[in-house]
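The values are calculated or read from the model by the stated rules, or taken from the named source; none is laboratory data. Not measured: the values here are computed from a predicted model. Don't worry about glycine lacking a Cβ; one is built from the backbone with ideal geometry, like all the others, and counts go over all protein chains shown. Keep in mind that these areas ignore ligands, DNA and RNA; they rest on the heavy atoms of the full protein, side chains included. Shrake-Rupley method; radii C 1.70, N 1.55, O 1.52, S 1.80 Å.
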Amino acid sequence: MRLSELLRMVWLNIVQNKFKVLLTSVGIIIGAATIVMVIAVGKGGKEEVAEQFKNLNAGAIDISTSTTTNSSKSSGNNTMGGGMPGGSSGRSSSGSSSSGGGFPGGGSGGFSMKGGMGGMNDPMMNKDKVTLTTDDVDDIETFVPGIESATISFQSKSQITGGDLEEETSYTVAGVKSNYQKMSNLSLAIGDFVTDSDDENKKKVCVLGATVATEIFGNITDAYDSTIYIGGKAYVVNGVLEEMGSVSSGISPDQAIFIPYQTGLKYVTGSDASPTITVIASDVDEVSTVSENIESVLAESYPNTTFTLTDAGSKMEAASASNNTLTLLLVVMAVIVFIVGGIGIMNVLFVSVKERTKEIGILKAIGYSNRDILLEFLLEAAMISILGGVAGVGISFIVIIVVKQLGISAIASLSGCVIAFFFAVVTGTLFGFYPAVKASRLIPIEALSEE
């Protein structure tokens, strides 16, 4: 029998049983739509991760402190004695000893943990807190090999007024050094970033993120060289960043206000600052070694203190792992849906074989071979799968639009549509094979005599 005649018969059977075909293909439709969604969400997730970390150097390491016990601080204070790190190997010229009896940059008592302070043994000073300082940055740069650059920064929430703001509004204020811009790959839309001179002289200047500038002044141009008030003190806007749309070193640049580090310590946070040191390793492959060396150096200044070191690579791996887990769950769900859909097709074809037993007997009686009957039922299963696959792919585009409105990143792709369609056809054909074989093996006389 010619293929065209078989296809015509298959099409007539499908047209005459539209509602049954629709119900049969529901599983395939949902499965195909799910496959497209799986690939769309996976692709969207990957691009979102890349977007979030595009401004992070792959070799960046962030160092922050945890708490320490009173006894460990006591040990550290005895070691520091009169400002010299007694007993430490090769650190007689380190930043720890140079802090002597003073504060870095005229800071407050929050930085008294390192130097040989006269009141270090005062019980009131034994707070369970370690605060990193610029001296620690110097120590790391001096004693840790394989470092390209290092900086220190902090962030806090402050009340801001000025511009078009009708009332005080809370924004993230970040105290940074001049090299923070290069290390975090920040670009300026207008003006200049924080300079060493601004930091040394504790100038009240700031750099606004693109979103902050728009919210406070309406646009970037009006923001430049204007004045805002941070904690009631006037700061001149020296520059505005280009829109970044990502997170850099833990700070979202679009929604942050950057000020000189020492200015922030003096006027914004005081002793409440919790700085983070950021280090860029020269070789990405040596990040773990550099991290270990950093911990060793800091351990000499702060015995028995736990430090948290995170690198951009680990953050990206963690984010990618979460995205992969979500994708895997969706894949499993899609497979289950396809299996259910395939079983549905198989059941319907079994019923169809039973209903059409006499028809099959007549076809065999007039010369149709087992192969023709097998091919007819296989083509019918494949056709139902094709229709379900097309419908599923079409519905998936509507679902993607809805998902995007809910804030989930999903990017439709041609490859996703092709894969979904392929799986739909294969699933339907495979599950339709056994009923087709059963139909082809019917004996004509028995089929014709079937009641």
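Across the range 201-212, what is the number of residues that are closer than 12 Å to ASN238 by Cα and either in contact with a Phe, Trp or Tyr (Cβ under 8 Å, 6 or more places away or on another chain) or open to solvent by less than 10 Å² (accessible area, probe 1.4 Å) (or both)? Explain how you work it out, then say what you get.
Taking the range 201-212 first, the residues closer than 12 Å to ASN238 by Cα are 203-209.
Still in the list and also either in contact with a Phe, Trp or Tyr (Cβ under 8 Å, 6 or more places away or on another chain) or open to solvent by less than 10 Å² (accessible area, probe 1.4 Å) (or both): 204-209.
The qualifying residues number 6.
Taking first residues from the range 388-411 that are more than 17 Å from ILE35 (Cβ to Cβ) and of a type outside the set (A, V, I, L, M, F, W, C) and partners that are open to solvent by less than 80 Å² (accessible area, probe 1.4 Å) and part of a helix (DSSP H, G or I), the Cβ contacts under 6 Å between residues at least 6 apart in sequence or on separate chains come to SER409/GLY44. Picking from residues in the range 161-178 that are open to solvent by less than 50 Å² (accessible area, probe 1.4 Å) and among the polar types (S, T, N, Q), the one that is farthest from SER274 (Cα to Cα) is THR161. Within the range 257-279, the set of residues being open to solvent by less than 40 Å² (accessible area, probe 1.4 Å), at negative phi and of a type in the set (Gly, Ala, Ser) comprises GLY264, ALA273.
Screening ILE220 on (1) touching a residue at least 60 places away in the same chain (Cβ under 8 Å); (2) among the aliphatic types (A, V, I, L, M); (3) within 17 Å of GLY162 (Cβ to Cβ) shows it passes everything except condition (1). Does any residue in the range 324-344 that is farther than 15 Å from LEU23 by Cα come within less than 6 Å, Cβ to Cβ, of a residue that is among the small types (Gly, Ala, Ser) and in a helix (DSSP H, G or I) six or more places away or on a different chain, and which pairs are these? These pairs meet every condition: THR327/GLY42; ALA334/GLY31. Flag set for SER282, criterion: of a type in the set (Gly, Ala, Ser), open to solvent by 70 Å² or more (accessible area, probe 1.4 Å) and at pLDDT 70 or above. The combined condition, being in a loop (DSSP other than H, G, I, E, B), in contact with a Ser or Thr (Cβ under 7 Å, 6 or more places away or on another chain), among the aliphatic types (A, V, I, L, M) and crowded, with 17+ Cβ neighbours inside 10 Å, is fulfilled by VAL194.
Quick check: anything in the range 296-307 free of Cβ contacts under 8 Å to residues at least 12 places away in the same chain and over 26 Å from GLU200 (Cα atoms)? Spell out the reasoning first.
Pass one, the range 296-307, residues free of Cβ contacts under 8 Å to residues at least 12 places away in the same chain: 296, 299.
From the residues that got through so far, the ones that are over 26 Å from GLU200 (Cα atoms) too are 296, 299.
Among the residues of the range 296-307, at least one is free of Cβ contacts under 8 Å to residues at least 12 places away in the same chain and over 26 Å from GLU200 (Cα atoms), which makes the answer yes.
Go through the residues of the range 216-232 one by one and say whether even a single one is within 29 Å of the chain's Cα centre (by Cα), under 17 Å from THR172 (Cα atoms) and either aliphatic (A, V, I, L, M) or open to solvent by 10 Å² or more (accessible area, probe 1.4 Å) (or both). For the range 216-232, residues within 29 Å of the chain's Cα centre (by Cα), under 17 Å from THR172 (Cα atoms) and either aliphatic (A, V, I, L, M) or open to solvent by 10 Å² or more (accessible area, probe 1.4 Å) (or both): present. Note on the range 287-306: residues that are among the polar types (S, T, N, Q), part of a loop (DSSP other than H, G, I, E, B) and open to solvent by less than 50 Å² (accessible area, probe 1.4 Å) amount to 1.
In the range 399-421, of all residues being in a loop (DSSP other than H, G, I, E, B) and more than 18 Å from the chain's Cα centre (by Cα), the one that is surrounded by the most Cβ atoms within 10 Å (Cβ to Cβ) corresponds to ALA412.
Screening ASP138 with (1) under 15 Å from VAL268 (Cβ atoms); (2) in contact with a helix residue (DSSP H, G or I) (Cβ under 7 Å, 6 or more places away or on another chain); (3) acidic (Asp, Glu); (4) surrounded by fewer than 21 Cβ atoms within 10 Å (Cβ to Cβ) gives one miss only, at (1).
Taking the range 1-100 as the region of interest, the helices (runs of 4 or more DSSP H) fully inside it that hold 3 or more residues being open to solvent by less than 50 Å² (accessible area, probe 1.4 Å), touching a helix residue (DSSP H, G or I) at 6+ places or on another chain (Cβ under 8 Å) and at pLDDT 80 or above are 18-53.
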